[in-house]
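**Q** I'd like to ask you about the structure that follows.
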Amino acid sequence: MARPFRQQIDEGIVDRAAALFARRGFAKTSVQDIADAVGLSKAGLLHHFPSKDALWEAVVGQADVLGQQVLTLARQLPPGPERDRRALDVLVDVALAHPGLVALLLAPLTQGDPGAPELEAAGAAALEAFGVDPGAPVSERTVRVTGALTALAVLTLAAHAAHQTTAWRPHIVATCFDALGAHRPVAVLPASDPVEA
């Protein structure tokens, strides 16, 4: 069996660290916690990353790189259903390959935490991949894209938990594409008063 390259090992460490940061927060995650999660001694982990701060920087850097890759591939097409489909295909593959990063990017939505400002660029790149300006006022499109991205994150994490990433992949893409409403007429809903829960 071939030995994994250092880059593969480092990417695995970064993804596991991201998952722990998502679950416990940066302050409550120790270097020993991360070392235990990746099956290394603390000294072995520090050989790859000299500090917890260095690991955080690697997590943020990986999120930015992946976000830019998705944006670059999506921008090759004009806005519309074809671009949406390409963006979903790429994002689902990224999410299935990096569940820890997905959990970290989803944490602000699931935990009511505003999240780390350092990760905002990755979220903005995901919106831009669908032609949504992150600074623009909220529109139906913004809500649909946010819903599709949230569904993508939750479903890819569930697929990992069920050990069904390959089987679930086409269904995740289809569900997210449906959330975008690209192939259905837009339903006009009557105005309603907000209901307080």
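The values are calculated or read from the model by the stated rules, or taken from the named source; none is laboratory data. These numbers were taken from a predicted model, which means no experiment stands behind them. With ideal geometry, Cβ positions are generated from the backbone for all residues, glycine too; neighbour counts draw on all protein chains shown. When the accessible area is computed, the model is the full protein with side chains, heavy atoms only, and any ligands, DNA or RNA have been set aside. Shrake-Rupley method; radii C 1.70, N 1.55, O 1.52, S 1.80 Å.
**Q** Within segment 36-135, which helices (runs of 4 or more DSSP H) (wholly inside it) include 3 or more residues that are closer than 23 Å to Arg169 by Cα?
**A** Ranges flagged: 52-74, 81-97, 99-111, 120-129.
**Q** Oh, and also: Name the single residue that is nearest to the chain's Cα centre (by Cα) among those in segment 63-96 being open to solvent by less than 40 Å² (accessible area, probe 1.4 Å) and within 30 Å of Val31 (Cα to Cα).
**A** Ala95
**Q** So, one more: I'd like the residue in segment 37-59 that is within 21 Å of the chain's Cα centre (by Cα) and open to solvent by 70 Å² or more (accessible area, probe 1.4 Å) and, out of all such residues, is nearest to Ala116 (Cα to Cα).
**A** Ranking the qualifying residues of segment 37-59, first place goes to Glu57.
**Q** Determine, yes or no, whether Ala151 is assigned to a helix (DSSP H, G or I), over 20 Å from Ala103 (Cβ atoms) and free of Cβ contacts under 8 Å to residues at least 40 places away in the same chain.
**A** No, not satisfied.
**Q** Among the numbered criteria (1) modelled with pLDDT of 80 or more; (2) open to solvent by 20 Å² or more (accessible area, probe 1.4 Å), which single criterion is violated by Gly112?
**A** Single failed check for Gly112: (1).
**Q** Here are Ile34, Ile9: which of them is open to solvent by 30 Å² or more (accessible area, probe 1.4 Å) and touching a residue at least 12 places away in the same chain (Cβ under 8 Å)? If you could, list the steps in order and put the result at the bottom.
**A** Working: Ile34 fails: open to solvent by 30 Å² or more (accessible area, probe 1.4 Å).
Only one candidate qualifies: Ile9.
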